[in-house]
Each structure stands twice: as C-alpha cells, then as structure tokens.
1. Could you rank the peptides 67-74, 20-27 by their average count of other C-beta atoms within 10 Å per residue, with the highest value first?
2. Once R0 is set to 35 Å, what does the formula 1/(1 + (r/R0)^6) return for the Cβ-Cβ distance between N98 and D159, expressed as a FRET efficiency to the nearest 0.05?
3. Considering only protein heavy atoms and a 1.4 Å probe, what is the carbon-and-sulfur percentage of the accessible area of the chain?
4. If you roll a 1.4 Å probe over the heavy atoms of the protein chains, what accessible area per residue do you get for the chain, in Å²?
5. With springs connecting C-alpha atoms under 10 Å apart, model the chain as a Gaussian network and identify which of D159, D178, D54 has the largest mean-square fluctuation.
6. GNM, the chain, Cα, under 10 Å: largest mean-square fluctuation among K118, K156, K91?
7. Might you report the magnitude of the Cβ-based charge dipole of the chain about its Cα centre, with Lys and Arg at +1 and Asp and Glu at -1, to the nearest 20 debye?
8. Viscosity 1.306 mPa s, temperature 10 °C: Stokes-Einstein D of the chain from its Kirkwood Cα radius, in µm² per second?
Amino acid sequence: MTSNRIVVGMTGATGAIYGVRLLEVLAGSAFETHLVASEWARKTIAIETCRRPDEVFALAHRTYREDNQAAAISSGSFLTAGMVIAPCSMKTLAAIANGLADNLVARAADVVLKEQRKLVLLVRESPLNVIHLENMLKLARLGVVIVPPVPAFYAKPHDLDEMVDHTVGRVLDLFGIDHALVRRWGGSSPVEQLVRLPEI
Ligand SMILES: Cc1cc2nc3c(=O)[nH]c(=O)nc-3n(C[C@H](O)[C@H](O)[C@H](O)COP(=O)(O)O)c2cc1C
C-alpha cells in the first residue's frame, strides 16, 4: 500500500536549513508532511536561520510535540511512505540504532523501521567517532539510508542554497518525488567534455 504522507524529523545537529528546505519543497508537492522537531532542533533553527521555529513548523501539514508519544506517527497503523530526519544528530542516531524510543523523533523512526518503511537520516557530525560510525553501519544494514549532507562539487554550486537543494533533491529522489532541485550529471554534459580522461 502506498501513502502520500512523509514524516519529517528535525533534531539539534547543525544544518537546520536542510529540514527547512525539505519542508518548503514538500509543501508544494502532493505529499503531506508530519513534522516532529526536538527541543534542540528549535534552538538550532533559531541560532542558524533567519526564521522563527513556529514559522518553520507552519510549513508542515501537521506538527507534533517531541514529548507526544500518543501522536499519530507513534503508531504503525498510521500509514506513511517513511521518514526523513534532517538534520539528524548523533544522539538521535544512537537512540534509533538502539531502539531507545524515548521521544517522538526516535519513536516515529522506530515505527518506520518495524514497519519496514523507508528511513533516511541526514546524519551530521565531524569528525566521526567509532560509536557514530558503528551506529550508522548498524542502521545501514537494516536498510536505513544514511545521507550525510555533503556537497556534490561536480554540480558546481553557486551558493549555499544550491548546495542545500542538491542534497534535498537527492533525498526526494529516494522517495520517487519529482523535482528540479538537482543539476544532474549527464553522460554528454559540457562539464564532462572538459574532462580529459587518460587513454587506455
Ligand atoms: C549550534 C549547535 C550545533 C550542533 N551541531 C551538532 C552536530 O552537528 N551534530 C550533533 O550530533 N550534535 C550537534 N549539536 C548537539 C546536539 O544539539 C545535542 O547533542 C542534542 O542533545 C541533540 O538532541 P536531539 O537529537 O534530541 O535534537 C549541536 C548543538 C548546537 C547548539
């Protein structure tokens, strides 16, 4: 069964702009967004963007409190296409990797995992320690898509917005959602013609 609902989680890693942009783009799509943001996501939105957290939350179709474990997205019977956490902190990554559903971000992700739906994590930390890497590996083995928001320089982004759009566009690709956010690599692109590959 398919659903046009996507759960969006936002946590307190740097990169609130990724979640904001994802919500903006999905607001203009046929998808319905169900947002849960952690307390530290609220704070990083305030610190890093020129938006107020409530303005950002208004982009979603429905917003839930982090401590509302009775929310619709807390149950597998509420059908969704899956969940994106953008950005995803190491703390939330660890909670998901260990089944510690102690807030609604982690619980909603736990539900997506148990229902075998798509879970996409824009994990952000640098450098990464072994605990971070092991948590990512554990989840990747369960089919979770680990998407560190790392810029694609081949796309020759002009500014930060284009870098962010590229990552958000690649996330939308994972859900099969049409968009024009990504300058795609093409076999006959002018960029490729500039590259002289060695003869073999
Ligand atoms: C400005 C700022 C940037 C942060 N950046 C990161 C980060 O990139 N990655 C990370 O794992 N935690 C980062 N943190 C720390 C998290 O906010 C903190 O671990 C928090 O407890 C995460 O909780 P949450 O996952 O429930 O949002 C940052 C905190 C602040 C204030």
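The values are calculated or read from the model by the stated rules, or taken from the named source; none is laboratory data. Here the structure is a predicted model, which is why all the values come from computation and not from measurement. All Cβ positions, even for glycine, are placed from backbone atoms using ideal geometry, and neighbour counts span all protein chains on display. Only protein heavy atoms, including side chains, enter the accessible area calculation; ligands, DNA and RNA are left aside. Shrake-Rupley method; radii C 1.70, N 1.55, O 1.52, S 1.80 Å.
1. Listed from highest to lowest mean packing, they are 20-27, 67-74.
2. Efficiency, rounded to the nearest 0.05: 0.40.
3. That fraction is 55 percent.
4. Using a 1.4 Å probe on heavy atoms only, each residue of the chain averages 54 Å².
5. Residue with maximal mean-square fluctuation among D159, D178, D54: D159.
6. Evaluated over the chain, the most mobile residue of the options is K156.
7. Using Cβ point charges on Lys, Arg, Asp and Glu, the chain gives about 280 debye.
8. 91 µm²/s
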